[in-house]
Each structure stands twice: as structure tokens, then as C-alpha cells.
Amino acid sequence: KHIAEMKELCKKADEVILATDEDREGESISWHLLEVLKPKVPVKRIAFHEITRTAINEAMQQPRTVNDQLVRAQETRRILDRLFGYELSPVLWRKVRSKLSAGRVQSVALRLVVEREEERRAFTKSAYCDAEATLSKDGKSFKATLTSVDGKRIATGKDFDAATGALKVGEQERLVLLQENEAKALTAKMSAEIPWKVIQVEQKETRVRPYPPFITSTLQQAASSALNFSPRKTMQVAQKLYEGVNLGDGSREGLITYMRTDSVTLSEKALQDAAQFICSKFGEKYHQRRQYTTKSKMAQEAHEAIRPTQMDRP
């Protein structure tokens, strides 16, 4: 029904504009539309990452053709899904629950889970203790952790071998392994020496860098931590923000850029808008241009990072 309707519309149109997503799947959708509709009029392929008048107008000024390499990449992913999924999905039905599906991504994830579970079962436990004191000065209390005894560092979890449960080779001579009775005796002895004296103060300069812009996974993590949102709810809210709101004059504009992305890169326009907003609101000394790059070699980077479409919108 829909194909027949689109074919009729193509006959009446002066040109066809394909505006699917710019990733592999979006490119494949455009290719399939051309294969099915076979339009007799000129065809333009455009892509935009935010639903704003400016972004759509810019996309219309830079049309292109369908990228066959992206289409073939999507077909390859589809084949991989079936090569792995058709064998793995029935196993999930039997071992976990019915109606689960698995493909190229889930297959790798399941392998990682299995390998981690094997490591967990082979893990050997070891016991160790440390000591902590609650101190106060000028009415302010703070906690201090014992780090060394007689010049030797207190052993912590990272100093143990996961396979054997013993201290790592070469660490025995440099560390103090406290058992529970030893830790209690040590704290009792130290408590008897009160008041303690501060014999050395070290000051270190640290540098805190801003977090990279949101991608899909980090957006979901932040929403879960701060708002206790499930990934499903996060994406539902993000979808509404992307689709936007009615501005009151009959037009509609998105509030954020596309929310399904694996790229931390920001567009030049976004960087300029952020610079203008920071300089005008806080001053130029608070602005430093910073462009993050995606480290993953497998990232598609078809869309930029998730950001507000307008920095100055209240």
C-alpha cells in the first residue's frame, strides 16, 4: 500500500529528496527506495543531524548521491547477523528465555560474559585488612586511611593475583599484609598514641578536564545515574527532544541533535555557538576551544555528538 502510494507521488513530483539517516542503515534505506520506486525524476540525497531550519536548508544546498560503499557495509552487517544469529538465537531460547534474538553484537557480548564468568569461577579469595581513622580539626571532621607501616605500603586488592589469591610475585618484600587480628592490634596501639602530629603536608596541583560530549551510551549512563532512567525511557525522552516542539508560529524545531550516535565530535557551528555563549555569559577567560575525537576505530561517526541545537535557548 505504502509503496504504491509513493510511486503515485513520484509521478507527480518534480524531484525526489531522500533524507534518511547518514549511517549505514539510513543509506541502505535510501538505496532500497530507489530500487523499489525507480523514479523518473531527478533524485537528491541529503542528510541532517538536527531538526532545525538552518540545518535542513544547509543540507538542501549540499545534495549528493547514494553512497554504495555504505550500502554494501550494511548488507555485510545484515549477513553477519544471520550467520551468527541463526545459530545463537535458538541457544538463548533454550537457556535463557524465548523470543530473544542475537546477532553480530550480541554474539560478541555473550562471549565476553562467558569468559568473564569463567574467570569469576576460577578466582581464588584472599583476606586482607586496612585501617581508617576519623579525625577532626577546627570542628571539621575527615577520614584518613592508613597507607604504610614502618615504611612499607599496606597491601590492597590490586596487589593480589586473581588466579592464585596470593600476593603478586615480587610484592611480598615491599608490602605489609594485615590480617584482622593484626589490624585490630595496630589500631589499638595507634589510638593509645593520641594526640597525633602532622609531620608533613603535601600539596599537589591537579587538572580537571571537562567530560566529552554525550554519545548514546554515555547519555544513557548519565540519565541512569542522575535520574534513575532506564535506557528505554532515556531514548524515549531524547526522541521527543530531537523531534522538537512547536515554536508557536506553526513551525517546529528540534531541541537536540540526533540521539543515536557514537561520535564525540562537534560541528564547527556548535563550537562557535558554545564559544559565543560562554564568552558573553562568563567571560573570555573561561573559554578554551576543545574538539574531542572518537578513539574507537569501529565507530561509524555518521552523526555528531548529542548537543542542544541552540546554546542560548532557555
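The values are calculated or read from the model by the stated rules, or taken from the named source; none is laboratory data. In this text the structure is predicted, and so the values were computed from the model without any measurement. Ideal geometry is used to build each Cβ from the backbone, glycine not excepted, and the neighbour counts take in all protein chains shown. Ligands, DNA and RNA are excluded from the accessible area calculation, which covers all protein heavy atoms including side chains. Shrake-Rupley method; radii C 1.70, N 1.55, O 1.52, S 1.80 Å.
One table, with the values for the structure above:
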{"quantity": "Region 59-146: chymotrypsin sites (Phe, Trp or Tyr not before Pro) in DSSP coil with no more than 13 other Cβ atoms inside 10 Å", "calculated": "Phe123"}
{"quantity": "Reported label for calculated mean projected area of the Cα convex hull in nm² given (i) 27.9; (ii) 17.0; (iii) 21.4", "calculated": "(i)"}
{"quantity": "Separation of alpha-carbon centers, region 51-117 and region 1-33, rounded to whole Å", "calculated": "22 Å"}
{"quantity": "Average accessible area per residue (Å²) across region 62-109 - probe 1.4 Å, nucleic acids and ligands excluded", "calculated": "78 Å²"}
{"quantity": "Carbon/sulfur fraction of accessible area - region 74-227, other protein chains in place, 1.4 Å, %", "calculated": "55 percent"}
{"quantity": "Rounded to the nearest 20 debye, dipole of the chain from Cβ charges on Lys, Arg, Asp, Glu", "calculated": "500 debye"}
{"quantity": "Built amide H within the under 5 Å cut-off of Ala131, gap 5+", "calculated": "Leu146"}
{"quantity": "Helix axis angle, 216-227 relative to the chain longest principal axis, alpha carbon, degrees", "calculated": "60 degrees"}
{"quantity": "Debye, to nearest 20: dipole size of region 140-213, +1 on Lys, Arg Cβ, -1 on Asp, Glu Cβ", "calculated": "420 debye"}
{"quantity": "0 to 90° range, to nearest 10: angle between helix 180-191 axis and the chain longest Cα axis", "calculated": "70 degrees"}
{"quantity": "Residues Ile29 and Phe282, FRET efficiency given R0 of 51 Å [Cβ-Cβ distance, rounded to 0.05]", "calculated": "0.75"}
{"quantity": "Three-way shape label, region 1-147, alpha-carbon gyration tensor, a/c 1.5", "calculated": "oblate"}
{"quantity": "Dipole-positive endmost among Ser107, Gln74, Thr257 within the chain (Cβ charges, Cα centre)", "calculated": "Ser107"}
{"quantity": "Theoretical ellipticity at 222 nm over the chain - DSSP helices of four or more residues, -39500 (n - 2.57) apiece, nearest 500", "calculated": "-13500 deg cm²/dmol"}
{"quantity": "Amide H contacts of Ile51 (H built 1.01 Å from N, under 5 Å, at least 5 apart or other chain)", "calculated": "Gly254"}
{"quantity": "Probe 1.4 Å, accessible area per residue of region 191-314, Å²", "calculated": "77 Å²"}
{"quantity": "With Cα atoms, 0 to 90° folded angle of helix 104-122 axis to the chain main axis", "calculated": "10 degrees"}
{"quantity": "Extension reserve of the Val208-Glu15 stretch, reckoned as 0.36 nm per residue once the Cα distance is removed", "calculated": "64.3 nm"}
{"quantity": "Assigned charges on the beta-carbon of Lys, Arg, Asp, Glu; region 73-180 dipole about Cα centre (debye)", "calculated": "700 debye"}
{"quantity": "Cleavage-rule hits, trypsin sites (Lys or Arg not before Pro), region 143-210, DSSP coil, Cβ neighbours within 10 Å at most 12", "calculated": "Arg174, Lys197, Lys204, Arg207"}
{"quantity": "Listed residues Phe84, Ser136, Leu175: farthest to the positive end of the dipole of region 81-178 (Cβ charges)", "calculated": "Phe84"}
